[in-house]
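Beneath this line is the structure, given in C-alpha cells, with notes to follow.
The values are calculated or read from the model by the stated rules, or taken from the named source; none is laboratory data. In this text, all values refer to a predicted model and were calculated from it rather than measured experimentally. Counting neighbours? That spans all protein chains shown, and the Cβs are built from the backbone with ideal geometry, glycine included. These accessible areas exclude ligands, DNA and RNA; they are computed on the full protein's heavy atoms, side chains included. Shrake-Rupley method; radii C 1.70, N 1.55, O 1.52, S 1.80 Å.
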Amino acid sequence: MNIRMNRRRRLYEGKAKVLFEGPEPGTLVQYFKDDATAFNNQKKGTITGKGVLNNRISEYLMTKLNEIGVPTHFMRRLNMREQLIRKVEIIPIEVVVRNVVAGSLAKRLGIPEGTVLPRSIVEFYYKNDQLGDPMVSDEHITAFGWACAPELEEIMSLALRVNDYLSGLFLGIGLKLVDFKLEFGRVWEEDGMMRIILADEISPDNCRLWDVRSNEKMDKDRFRQDLGKVEEAYQEVARRLGIMPEMVTGADVPLDGSIETIGKA
Ligand code: TMP
Ligand code: ASP
C-alpha cells in the first residue's frame, strides 16, 4: 500500500496533512493524517479515522462549492486518505468567518459562547506557527505584501459566498455552522491570468458545527476541550452529509442522513 506513496516526493508535512508531488505538473497529492493538534501544537493526539473522514468530507464540500462557482484546488479523490489537488501559491493568511460567538472570540472579548452575531464577521490571521498565528487586519496584509487589496476583496467575497452556501447546507442536516477557517492560494491559468482559489480543506477540523437541537459540539472542539466521543462526532457529520453510509452502525439509523436521527451521536 505504501509503495506508491513512497515513490512520490514529499514536499511538505503539516500538522494534519502531508503534501506530495503530484503525477502531473501543477498538481499535488494531499494526504490526510489522523494526527490532531490544538492550541498551536501544545496539545497533540490522534483521532482514529479522522484522515479518512476529512478526506471524504472535504471532497464533498469542495465539489459542491466548485458546482456553485467557487473555484477550489480540489481535483479528485484518489483513495481513502489522498486527493489530487491543484498546486497553488498559498497566501499566508487564515480567513476565519464567524456566525456565532465561540472559541477565541468568546475569550478575547468576554462575550458568551453561543451569542448569535448580528452579521457574519470575517477575521484574518497571519499563518505563522512561531508567532502563534496572530490576528492581523487588512492594513497589515496589504502593507506587508501578503496579498494586495484586490486579492483581499476577492478573498472576502469568496469567503462570504462559502459561508452562505455552507450555512444552508449544514442547516439542512441539522448542524449550525458556528465558524470556520479557510485558506486561499494563487494559480496562473493558461492565458497567464492569476486567479484566487480556495485551498486546504473544509472539515470538522476547521469548522465549528453544533447540533441545532441540542447544541452538542460536532467538531474538533471535542478534542480541544476533552469532551470525548471525538471519532463519533466526525463520523456523524459524514453520515449526515450522506457520505460513508457504510460506517453507520445500528439498524435503527436510516441511511439517508435525515434529520430524524439528530441527537443520536
Ligand atoms: P478560534 O475561535 O480558535 O479563533 O477558531 C475559529 C475557527 O477557525 C474555528 O472553526 C477553528 C478554526 N481554526 C483552525 O482551523 N485552525 C486554527 O489554527 C485555529 C486557531 C482555528
Ligand atoms: N490546528 C491548530 C494547532 O495545532 C489550532 C487548532 O485547531 O486549535 O495548533
Output for the stretch 113-137, where each listed residue is open to solvent by less than 80 Å² (accessible area, probe 1.4 Å) and over 22 Å from the mean Cα position of the chain (by Cα): 115
Test: residue 219 is assigned to a strand (DSSP E or B) and surrounded by 16 or more Cβ atoms within 10 Å (Cβ to Cβ): no
Residue pairs meeting the criteria (Cβ under 6 Å; at least 6 apart or on separate chains; first at positive phi and acidic (Asp, Glu), in the stretch 212-229; second within 16 Å of ligand 2 (Cβ to nearest atom) and open to solvent by less than 30 Å² (accessible area, probe 1.4 Å)): none
Exclusive hit being modelled with pLDDT of 95 or more and buried (at least 21 other Cβ atoms within 10 Å of the Cβ), set 76, 56, 86: 56
The stretch 197-212, subset open to solvent by less than 10 Å² (accessible area, probe 1.4 Å) and closer than 30 Å to residue 150 by Cβ, residue farthest from ligand 1 (Cβ to nearest atom): 197
Selected residue (only one of 150, 134 is within 16 Å of ligand 1 (Cβ to nearest atom) and free of Cβ contacts under 8 Å to residues at least 24 places away in the same chain): 134
In the stretch 29-53, the residues that are under 13 Å from the mean Cα position of the chain (by Cα) and either away from ligand 2 (no atom under 13 Å from the Cβ) or open to solvent by 10 Å² or more (accessible area, probe 1.4 Å) (or both): 32, 51, 53
Residues satisfying the stated conditions in the stretch 147-176, i.e. open to solvent by less than 10 Å² (accessible area, probe 1.4 Å) and aliphatic (A, V, I, L, M): 147, 155, 158, 159, 162, 166, 175
Test: residue in the stretch 14-28 that is among the aromatic types (Phe, Trp, Tyr), surrounded by 14 or more Cβ atoms within 10 Å (Cβ to Cβ) and assigned to a helix (DSSP H, G or I): no
Selected residue (criterion: nearest to residue 184 (Cα to Cα)) from residues of the stretch 82-118 that are in contact (Cβ under 8 Å) with a residue 60 or more places away in the chain and part of a loop (DSSP other than H, G, I, E, B): 91
Boolean, residue 182 is under 29 Å from residue 18 (Cα atoms) and more than 16 Å from ligand 2 (Cβ to nearest atom): no
